[in-house]
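*Asks:* Got a structure for you, written out below as structure tokens; questions coming shortly.
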Amino acid sequence: MRILIADDEALSRRLLEKTLEHAGYEVTAVENGKRALEQLFKPDGPRLALLDWVMPELDGPGVCRAVRTRSEQPYVYMVLLTSKGSKEETVLGLESGADDYLTKPFDSEELRARLRVGERILLLEDRLVQARENMRFRATHDSLTSLLNRSAVMDLLGRELQRSQREHKSTAILLGDVDHFKRVNDTLGHVVGDEVLIEIANRLLSAVRSYDYVGRYGGEEFLIVLNSCDPNYAPSRAEEIRKSISNHQINTVKGPLSLTMSLGLLLSADWGPRPIEDLLHEADIALYEAKAAGRDCLRIAKPLGKIEAPPVAVQQAVRRRH
Amino acid sequence: MKNSEESISEQVWNLPELHERVENDQELLRELVTIFRRDFPRTIRSLEEAVAAGDLKNSASLSHALKGMLANLGAARAAAAAAMLEKMASSAGEETSLKNALNALQREAASLLPELDAYMKEVRR
């Protein structure tokens with residue numbers, strides 16, 4: 001565990017440094033409060049600090065106050081070292097944001113015991129942060145596939161649509177549905193069905209760029225958002241995504257399966273500002289058309305109720321590449 | 001070495017206490033004495049100047065620094081003298097009492113320093 005010592009007095013600093021090294025700490029020692037802040041404000045800086053009260057530049061309580069004004073940062077456990085003993089000063093020290101204080105000259109056993117208290121607090125904080133992160137992930141992700149869940153991907157799509165509107169770019173919305181998925185579940189069971197969904201999720205993620213979004217929209221339905229996607233290239237990118245499913249069999253515990261996906265594509269630039277629900281509805285109609293056209297294909301939603309197949313050249317080009 | 005009849009609080013330099021504090025790290029103990037012998041003379045010189053100039057603020061902070069140094073070293077009597085001086089300087093004490101307190105600190109230092117020198121001579125042998 002790393003620890004910062006700030007003490008302007010060389011003898012005391014050296015004594016502390018050695019005592020803490022003996023106790024197994026990785027020690028950084030500085031001689032004033034300003035240097036202490038520099039260390040503590042470093043990304044990944046020490047989270048335990050032993051600060052002398054009286055120091056040039058910035059005193060111990062000053063360091064505590066500066067550290068405590070920062071928010072959204074990992075907690076720093078700070079112990080003030082003081083030769084002052086009065087109650088008022090103890091209160092002043094703790095009010096400045098220190099977690100504890102020790103009077104000098106310190107007793108090394110007591111010092112170590114108090115630092116262990118600090119370590120316990122930090123461990124507790126780490127656990128809380130971890131728990132919060134886990135909950136945040138669970139609240140925004142699908143538990144089976146670990147993709148974004150429906151509400152999370154729709155949130156992101158909403159923001160992306162606003163951004164593309166502002167920046168005069170186009171967002172491509174793709175709704176994909178696994179063809180005849182019910183048959184997999186009915187004939188091979190839900191375990192295989194789950195395996196298929198996980199593999200499809202992985203393939204979709206590999207088929208998009210790191211800044212695109214893939215979410216599980218419903219049972220076997222996926223929503224893919226291609227951010228700032230040139231409308232001219234969107235159909236061929238959608239075709240590639242489709243092919244990423246049909247090109248290779250999916251291995252399951254019941255053997256390899258050949259599966260396909262039908263897709264409905266919508267380019268936000270074609271539609272202008274519309275509520276997200278309307279756009280998704282239109283993409284869904286295109287997806288339905290793809291199903292009606294025999295599945296394993298792509299249909300593009302155009303305004304005025306027009307549904308288009310991708311240009312033949314696009315289909316052929318993609319076919320050649322695979 | 002001090003007379004064994006003297007109580008702990010009257011010891012000029014409590015070496016066993018310091019041994020305990022450094023957890024019997026002899027090398028560290030020598031290093032601390034060396035740091036002290038390097039820092040103490042110039043700090044007390046600045047303090048003498050501050051007291052002579054009636055500079056209460058510096059008198060207080062310098063005697064505070066000396067108090068810490070001395071206490072860490074296990075020189076309780078000199079540390080108490082430095083504490084007294086710090087207290088007087090902080091509460092804007094009379095010039096004469098400030099000078100008296102400084103004299104007391106100097107007297108303590110005068111008995112402490114030879115002990116440190118003797119120790120260093122001893123361990124170097």
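*Asks:* Give the B-A buried accessible area in Å², both sides summed, 1.4 Å probe, nearest 100. Mind dumping the intermediate values first?
*Replies:* On the way: alone 7390 and 16980 Å², together 22750 Å².
Chains B and A together bury roughly 1600 Å² of accessible area.
*Asks:* Note the angle between two axes, namely the Cα long axis of helix A:60-69 and the longest principal axis of the Cα atoms of chain A, as a number of degrees from 0 to 90, rounded to the nearest 10.
*Replies:* 20 degrees
*Asks:* Tell me, what is the FRET efficiency for A:T69 and B:Q26 to the nearest 0.05, using R0 = 45 angstrom and their Cβ-Cβ distance as r?
*Replies:* Once the sixth-power term is evaluated, E becomes 0.55.
*Asks:* Further question on the same structure: Per residue of the stretch B:106-118, in order, report the coupling 6.51 cos²θ - 1.76 cosθ + 1.60 (Karplus, θ = phi - 60°) as ³J(HN,Hα) in whole Hz, putting x for Gly and Pro.
*Replies:* 4, 4, 5, 4, 5, 8, 6, 4, x, 5, 5, 4, 4
*Asks:* Among the aspartates and glutamates, which fall within straight-line cross-link reach of A:K42, defined as a Cα-Cα distance under 18 Å, with same-chain neighbours fewer than 8 residues apart omitted?
*Replies:* In chain and number order, the partners are A:E26, A:E31, A:E72.
*Asks:* May I ask you to order A:44-52, B:24-32, A:264-272 by the average number of other C-beta atoms within 10 Å around their residues, highest value first?
*Replies:* My ranking of the peptides, most packed first, is A:44-52, A:264-272, B:24-32.
*Asks:* Moving on. Quick one: work out the % antiparallel among DSSP beta bridges in the stretch A:150-321, nearest 5. Show your work: numbers first, answer last.
*Replies:* Numbers: 21 of 25 bridges.
Once the DSSP bridges in the stretch A:150-321 are tallied, antiparallel ones form about 85 percent.
*Asks:* Between A:T260 and A:L128, what is the spin-label point distance in nm, taking each point 7 Å from the Cα along the Cα→C-beta axis?
*Replies:* Placing both labels 7 Å beyond Cα along the Cβ direction yields 5.5 nm.
*Asks:* Whole-Hz ³J(HN,Hα) for each residue in the stretch A:111-124, computed from phi via Karplus 6.51 cos²θ - 1.76 cosθ + 1.60 with θ = phi - 60°, x for glycine and proline: what do you get?
*Replies:* Couplings: 4, 5, 4, 5, 5, 5, 4, x, 4, 5, 4, 5, 5, 4 Hz.
*Asks:* Given a 1.4 angstrom probe, what's the average accessible area per residue across the stretch A:2-140, in square angstrom?
*Replies:* About 52 Å² of surface per residue is accessible.
*Asks:* In addition: Please identify, among A:G24, A:G118, A:G60, the residue showing maximal mean-square fluctuation in a Gaussian network model of chain A using a 10 angstrom Cα cutoff.
*Replies:* The residue that fluctuates most here is A:G24.
*Asks:* Hey, rough spin-label estimate for A:V117 and A:K42, points 7 angstrom out along Cα→Cβ, what's it come to in nanometres?
*Replies:* About 2.8 nm separates the two model spin labels.
*Asks:* Quick one: if the Förster radius is 22 Å, what FRET efficiency do A:R150 and A:E277 give, using the C-beta to C-beta distance and rounding to 0.05?
*Replies:* 0.95
*Asks:* Okay, next question. By how many degrees, 0 to 90 and rounded to 10, does the Cα axis of helix A:190-207 deviate from the longest principal axis of chain A?
*Replies:* Taking Cα atoms only, the helix is inclined about 80 degrees.
*Asks:* 5 Å is the cut-off here: which amide hydrogens, built 1.01 Å from N in the peptide plane, fall below it relative to A:L259, excluding neighbours closer than 5 in sequence?
*Replies:* Amide H neighbours of A:L259: A:I250.
*Asks:* Tell me, Kirkwood radius of the protein assembly as shown from alpha-carbon pair distances, in Å?
*Replies:* 27.9 Å
*Asks:* What is chain A's relative contact order, in percent, from Cα pairs under 8 angstrom and six or more apart in sequence?
*Replies:* Details: 516 pairs, mean separation 38.2, N = 322.
Computed value for chain A: 12 percent relative contact order.
*Asks:* Kindly state, to the nearest 0.05, the FRET efficiency for A:E95 paired with A:V312, given R0 = 60 Å and r defined as their beta-carbon distance.
*Replies:* 0.20
*Asks:* If you don't mind, there's one more thing I want to ask. What angle, in degrees between 0 and 90 and rounded to the nearest 10, separates the Cα long axis of helix A:234-246 from the longest principal axis of the Cα atoms of chain A?
*Replies:* Its long axis makes an angle of about 90 degrees.
*Asks:* Using modelled backbone amide H atoms (1.01 Å from N, in-plane), which distant-in-sequence or interchain residues come within less than 5 Å of A:H141's amide H?
*Replies:* A:N149
*Asks:* In sequence order, what are the phi-derived ³J(HN,Hα) couplings for the stretch A:283-300 according to the Karplus relation 6.51 cos²θ - 1.76 cosθ + 1.60 with θ = phi - 60°, rounded to whole Hz, with x for glycine and proline?
*Replies:* The phi angles translate into 5, 5, 5, 4, 4, 4, 4, 4, 5, 5, 7, x, 6, 6, 8, 10, 10, 10 Hz.
*Asks:* Mind scanning A:K87/B:K99; A:K18/B:K121; A:K18/B:K67; A:K243/A:K302; A:K243/A:K291 and naming the pairs with a C-alpha gap bigger than 27 Å?
*Replies:* Beyond 27 Å between Cα atoms: A:K87/B:K99.
*Asks:* Still on this structure: If you stretched the chain out fully between B:R124 and B:E49, how much longer would it get, using 0.36 nm times the residue separation minus the C-alpha to C-alpha distance?
*Replies:* On the way: separation 75, 0.36 × 75 = 27.00 nm, distance 3.40 nm.
So the chain would gain 23.6 nm between B:R124 and B:E49.
*Asks:* Turning to a different aspect of this structure: Taking only protein heavy atoms into account and a 1.4 Å probe, give the accessible area per residue of chain B in Å².
*Replies:* With the other protein chains kept in place, chain B gives 53 Å² per residue.
*Asks:* Now for a different question. Looking only at the protein assembly as shown, where both bridge partners belong to it, what percent of the DSSP beta bridges are antiparallel (to the nearest 5)?
*Replies:* 50 percent
The values are calculated or read from the model by the stated rules, or taken from the named source; none is laboratory data. Not measured: the values here are computed from a predicted model. Neighbour counts run over all protein chains shown; Cβ positions are idealised from the backbone, glycine included. For accessibility, only protein heavy atoms count, side chains too; no ligands or nucleic acids. Shrake-Rupley method; radii C 1.70, N 1.55, O 1.52, S 1.80 Å.
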